[in-house]
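The values are calculated or read from the model by the stated rules, or taken from the named source; none is laboratory data. This one's a predicted model, so the numbers in the text were calculated from it and none came from an experiment. Cβ coordinates were reconstructed from backbone atoms using ideal geometry, including for glycine residues, and neighbour counts include every protein chain displayed. For accessibility, only protein heavy atoms count, side chains too; no ligands or nucleic acids. Shrake-Rupley method; radii C 1.70, N 1.55, O 1.52, S 1.80 Å.
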Amino acid sequence: PNYQIINDKKEIVQELKKKASEADSIYLATDPDREGEAISWHLAYILGLDPNSNIRVTFNEISKNAVTNGLQNPRSINKNLFDAQQARRVLDRIVGYKLSPIICKKIAPKLSAGRVQSAALKLVVDREREILNFKPEDYYVFPAVFYKNNEKENFKANLTKVDGKKLDCKNEDDANLIVEELNKGKYIVSSVKKSMGKTHPTPPYTTSTMQQDALNKLNFNLKKTTKLAQSLYEGVDIEGHGKTALVTYIRSDSVRIAPEAITMARNFILNNFGKEYLPAKENVYKTKSQAQDAHEAIRPINLDLTPSSLKGKIKSEGADDLLKLYEMIYNKFLACQMADSTYNSVVVEINNGKYTFKAIGKTPLFDGFTKVYANKNKKKKLVDETVEEEANDKIPALNENDEVFVLDKLDKVKKTTKPPSRFTEATLVKEMEEKGIGRPATYTPTITVLASRNYTEKDGKELKPTSLGMSVVDFLEKYFSNVINVKFTAQMESM
């Protein structure tokens, strides 16, 4: 490639050169990933620095210790990382600059195509076509509320098996027959299985998981979350502290935690919650194999700056929303190093002839990490497309061969299978991450450009492809399927 300085950047380049000529030493502290390494290489080239000398320092949080440690351990510029970034950049120019004019000519002016944006658009379009082609089917479920004779306490159960096989009832005549037979027979407890279960805390935030939770828990869109997170990273004005960075680098695909941060968390947990909330060993989480792992997970820099201590003290614009996002990041990190939550679990099966009902009970024993961060999961979950299970908070003491009774007359409930949901911004980010499309720094701009090109539109929180977006995908798939596809895009990200 032939690199040229853009006209409106020539003035700042001259300023950098002037300052460089007056400096005793120059260190390049750009981001510790491929893009950051490339920026350092270009700066070294422009300023006439030797890229093989120890001029490169890295850190992934703006704190005194991190910056000091980085300056104490300078290294040369990693040419392999720069070459990898340059290769992808050139290929993206070839793809985007060659394809964009074609679709502008064949479809409409002012359009664009690209290795990442077109693959992301294809995900949205493919999901929409799944929805359009979906054929709903009716099915029947048979929920019941049982009680033990002479006891007021009742519990919920669902019919799950017929003749030992999974319930599969799709027409009303079969459903009526099931109800008729059940109302004639007796309900006898056939199995009671008790155990103690535990739930392990989830990993600290990466960029994508932070964006997903910010949408689902705080109702923040991608653009807002990215802006707030950047402010938390760069620093906010805090009364009594001045401008203070609150979180580590906010573009990360890793769940790795720095050893000193783990020590900080464990000491904080012990001092503020007690030893029962501290696991015997630190909790370690595995980063996905395709991750760059250039930065550690997103976490608070100083746990002593608790969300409650900052209430009313943040003076930066958007203080309330900054505090909400900080609290979410803070609690998630703290929880990831706390002890498991535990509960008593009981699974009861109740037979009525050839029909088997199943009841699940969960009684909390120890709150553990949920004391600071609890996932708001729905109690009801789908075992498969048509059989539901709902956990009871408590089930009365039952033994095999006990007879139980239906609280009200049992009846059928008609339901209909539903198509897959459209992507929201958050679930599209999740899908892109799982398929290896894009990087933490590109999720927001990629999804933003789809909207700005009128390829997608919002239907509530959901992303819906426009007719233009669907036309672009159809055209690219027809003529350039070997370039514009998820597999090719993911392969380029892994290199």
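Of note:
- Against the test of being at pLDDT 95 or above, basic (Lys, Arg) and either part of a strand (DSSP E or B) or open to solvent by less than 80 Å² (accessible area, probe 1.4 Å) (or both), the options Arg251, Arg266 yield a single qualifying residue, Arg266.
- All of (1) part of a helix (DSSP H, G or I); (2) buried (at least 16 other Cβ atoms within 10 Å of the Cβ); (3) modelled with pLDDT under 90 hold for Thr386 with one exception: (1).
- Listed by first and then second residue, the pairs with beta-carbon distance under 9 Å, at least 6 apart or on different chains, first residue in segment 68-85 and basic (Lys, Arg), second open to solvent by 60 Å² or more (accessible area, probe 1.4 Å), are Arg75/Asn54; Lys79/Asn52.
- Tally, over segment 335-374, of residues that are β-branched (Val, Ile, Thr) and within 24 Å of the chain's Cα centre (by Cα): 2
- Only residues that are under 30 Å from Lys217 (Cβ atoms), part of a loop (DSSP other than H, G, I, E, B) and out of contact with any strand residue (DSSP E or B) (no Cβ under 9 Å at 6 or more places or on another chain) were counted across segment 403-453, and they come to 11.
- Restricting segment 269-285 to residues that are part of a loop (DSSP other than H, G, I, E, B) and among the charged types (D, E, K, R) leaves a set whose member that is least open to solvent (accessible area, probe 1.4 Å) is Glu282.
- Residue tally, condition out of contact with any Lys or Arg (no Cβ under 8 Å at 6 or more places or on another chain), hydrophobic (A, V, I, L, M, F, W, C), open to solvent by 30 Å² or more (accessible area, probe 1.4 Å) and without any contact (Cβ under 8 Å) to a residue 40 or more places away in the chain, over segment 34-67: 5
- Any chance Ser341 is among the small types (Gly, Ala, Ser), touching a residue at least 24 places away in the same chain (Cβ under 8 Å) and under 29 Å from Lys165 (Cα atoms): no
- Counting only residues that are open to solvent by less than 30 Å² (accessible area, probe 1.4 Å) and either under 22 Å from Pro445 (Cβ atoms) or basic (Lys, Arg) (or both), segment 254-263 holds 1 of them.
- Count of residues meeting criterion [part of a helix (DSSP H, G or I) and either at pLDDT below 95 or touching a Cys at 6+ places or on another chain (Cβ under 8 Å) (or both)] in segment 231-248: 2
- Subset of segment 103-147 (residues that are of a type in the set (Lys, Arg) and crowded, with 19+ Cβ neighbours inside 10 Å): Arg115, Lys122, Arg127
- For Thr427, the stated conditions hold: it is within 16 Å of the chain's Cα centre (by Cα) and at pLDDT 90 or above.
- Unmet criterion (only one of (1) farther than 30 Å from Pro300 by Cβ; (2) assigned to a helix (DSSP H, G or I); (3) modelled with pLDDT under 95) for Ser112: (2)
- The set of residues in segment 3-48 being under 28 Å from Glu296 (Cα atoms) and among the aromatic types (Phe, Trp, Tyr) consists of Tyr27, Trp41.
- Any hit, segment 78-94, residues being more than 37 Å from the chain's Cα centre (by Cα) and open to solvent by 60 Å² or more (accessible area, probe 1.4 Å): no
- Segment 132-180 holds strands (runs of 3 or more DSSP E) entirely within its bounds, and those carrying 3 or more residues that are more than 12 Å from Pro396 (Cβ to Cβ), touching a residue at least 60 places away in the same chain (Cβ under 8 Å) and touching a Lys or Arg at 6+ places or on another chain (Cβ under 7 Å) map to 138-141, 154-162.
- Segment 432-461, residues that are surrounded by 17 or more Cβ atoms within 10 Å (Cβ to Cβ) and acidic (Asp, Glu): Glu433
- Top-ranked residue of segment 478-495 - restricted to ones that are part of a helix (DSSP H, G or I) and open to solvent by less than 70 Å² (accessible area, probe 1.4 Å), ranked as farthest from Val116 (Cα to Cα): Phe480
- When restricted to residues that are open to solvent by 20 Å² or more (accessible area, probe 1.4 Å), closer than 18 Å to Gln212 by Cβ and modelled with pLDDT of 95 or more, segment 286-331 contains 4.
- Residue list for segment 210-226, filter: open to solvent by 20 Å² or more (accessible area, probe 1.4 Å) and touching a residue at least 60 places away in the same chain (Cβ under 8 Å): Gln212, Asp213, Asn216, Lys217, Leu218, Asn221, Lys223, Lys224, Thr226
- Taking the criterion of being open to solvent by 70 Å² or more (accessible area, probe 1.4 Å) and in contact with a helix residue (DSSP H, G or I) (Cβ under 7 Å, 6 or more places away or on another chain), the residues of segment 17-33 that qualify are Lys17, Tyr27.
- Subset of segment 1-47 [farther than 28 Å from His295 by Cα, of a type in the set (Gly, Ala, Ser) and in a loop (DSSP other than H, G, I, E, B)]: Ala23
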